[in-house]
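Here's the structure we're looking at; comments come further down.
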Amino acid sequence: MARVIFLTDFSEAYARELLLGMARYAHDTAQAWSLCRLPLSIRDKFGIEAVVEWAVRMKADAVIGQFYNTDNVELFRKNGIIAIAQDFKKRFTTIPNITGPHYSAGRMAAEYFLQKGFRNFAFYGTRGIDFSDERCQGFRETIEAANPEFTFSSLRSSAQNDLWYYDSTQLITWLQSLPKPVAIMACDDNQAYHITEACLQIEGGGNSRIPNDIAILGVDNDETLGLLAAEAVSHARAGADMVAPSDMMDGRVGALRSALDEAGFSHVPIMAYAAKYASGYYGPFRDAADSAPAFGDRSAYQMDPANSVEALREVRLDIEEGADLVIVKPALSYLDVVRRVKDAFAFPTVAYNVSGEYAMVKAAAAQGWIDERRVVLETLLSMKRAGADAIITYHAKDAARWIIGGRHGR
């Protein structure tokens, strides 16, 4: 039996996924492994010698950990124990490192923001730490290569023992000084949260509202998917006949499908908000539900109204991940998208007739400007004609009454 000690911070999603990945590998390869978590406080309080002593007592074969570069990791080798460094501050030259393509991650972030049309860019991280330095380099060099006229700024504190410490006053001053709108890459999700917190501290939002003025990349998408999947299973257990994720997180349909199947709910279908546009038509619902953003809007993750090609990409991904129906939202101003989706995929397509579309008809009818029954049925018919197999609408009860009444001469 292989005995492996993890010396790492399990408050981080990365460390938890590392442990789960090792456990899955041992299971899939039918190997008997003993995996033990050792808190970082052992190293910080008693030194690396205490970790080595623990490993010897437990007869460990290997230790995977967040080691300081000043730690005498040779002590592990001298005691016949394999030591592997988890990506932390600086890569080791004498032992293997679990690391990643950080420069490429910076390039990918820059390319994403460039495709969104940004001209001002910034990086927020820590100086003297490999994963932050390399992400910054890839981000900056990709932007400079795209257009030397684009602006770039960075705020990087010096490496400290506590990587998550930050000076909020310094961060707020820097954020306010940046030309807007600005696309910021944070070196990790913790740093992204710093920016969010700093923006909330700026009275009235200033010129640092998210996402109107500041777009941030660095939040942990995978951790959010885990929460969404657990929520979907909870709904299914409570009796839901269908789940409909509206979050627009990458990969959420696949995560929900896997979680539902594993929990015994393979029969519960997923109706995905596949093409959800950043729209002004959502206003009445947000007012009624008191869910309007405190500042900014949701255009950072909802789709650009000018882009119909992106809708096809998003719909294709949701179908491939296991969606049973796909939604185009809103409906009335996006009937061309409904038609393109239906023609491209011949897949069950839902048009979402949202609150603003509904409110305009009701308001005009209240003034006596239109025939409500006629306009509502004509509007819904246009959605059906565009290719919708189903329609979500606030007019549903009235429309059903009118249609049934028409059939019976009432």
Check your understanding: Does Val350 satisfy being touching a residue at least 60 places away in the same chain (Cβ under 8 Å), within 30 Å of Gly254 (Cβ to Cβ) and part of a helix (DSSP H, G or I)?
Key -> no
Point to revise | Matching entry among Ser104, Ser157 (being touching a residue at least 24 places away in the same chain (Cβ under 8 Å), in contact with a Ser or Thr (Cβ under 9 Å, 6 or more places away or on another chain) and of a type in the set (Gly, Ala, Ser)) | key: Ser157
Check your understanding: Among the residues of region 54-87 satisfying the criterion of being in contact (Cβ under 8 Å) with a residue 40 or more places away in the chain and assigned to a loop (DSSP other than H, G, I, E, B), which is farthest from Leu7 (Cα to Cα)?
Key -> Lys59
Check your understanding: If you take the residues of region 337-352 that are farther than 12 Å from Met383 by Cβ and of a type outside the set (A, V, I, L, M), which of them is surrounded by the fewest Cβ atoms within 10 Å (Cβ to Cβ)?
Key -> Asp343
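Every residue, every condition in (1) out of contact with any Gly (no Cβ under 9 Å at 6 or more places or on another chain); (2) within 23 Å of Tyr282 (Cβ to Cβ); (3) in a strand (DSSP E or B); (4) not β-branched (Val, Ile, Thr), yes or no:
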| site | (1), (2), (3), (4) |
| --- | --- |
| Arg374 | yes, no, no, yes |
| Thr379 | yes, yes, no, no |
| Lys384 | yes, yes, no, yes |
| Asp398 | yes, yes, no, yes |
| Arg401 | yes, no, no, yes |
| Ile404 | yes, no, no, no |
Check your understanding: Restricting to region 203-246, what's the tally of residues that are modelled with pLDDT under 80, surrounded by 15 or more Cβ atoms within 10 Å (Cβ to Cβ), outside any loop (DSSP other than H, G, I, E, B) and of a type in the set (A, V, I, L, M, F, W, C)?
Key -> 4
Study note, to complete from the structure: Leu312 fails exactly one of (1) touching a Lys or Arg at 6+ places or on another chain (Cβ under 7 Å); (2) not in a helix (DSSP H, G or I), namely (2)
Practice item. Quick one: in region 51-80, of everything that is aliphatic (A, V, I, L, M) and surrounded by fewer than 19 Cβ atoms within 10 Å (Cβ to Cβ), which residue is nearest to Trp33 (Cα to Cα)? Key: Ala62
**Study point:** Of the criteria (1) assigned to a helix (DSSP H, G or I); (2) out of contact with any Lys or Arg (no Cβ under 9 Å at 6 or more places or on another chain); (3) modelled with pLDDT of 95 or more, which one Lys362 fails
**Key:** (3)
Revision key, fill the gap. Those residues of region 38-77 which are of a type in the set (D, E, K, R) and closer than 16 Å to Lys89 by Cα amount to Arg43, Asp44, Asp71
Point to revise | Pairs where the first residue, in region 26-37, is under 14 Å from Val4 (Cβ atoms) and touching a residue at least 24 places away in the same chain (Cβ under 8 Å) and the second is surrounded by 10 or more Cβ atoms within 10 Å (Cβ to Cβ) and of a type in the set (Lys, Arg), C-beta under 8 Å, 6+ apart | key: Trp33/Arg3; Ser34/Arg3; Cys36/Arg3
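The values are calculated or read from the model by the stated rules, or taken from the named source; none is laboratory data. What you are looking at is a predicted structure, and each value in this text was computed from that prediction instead of being measured. As a convention, Cβ positions derive from the backbone with ideal geometry for all residues, glycine included, and neighbour counts pool all protein chains shown.
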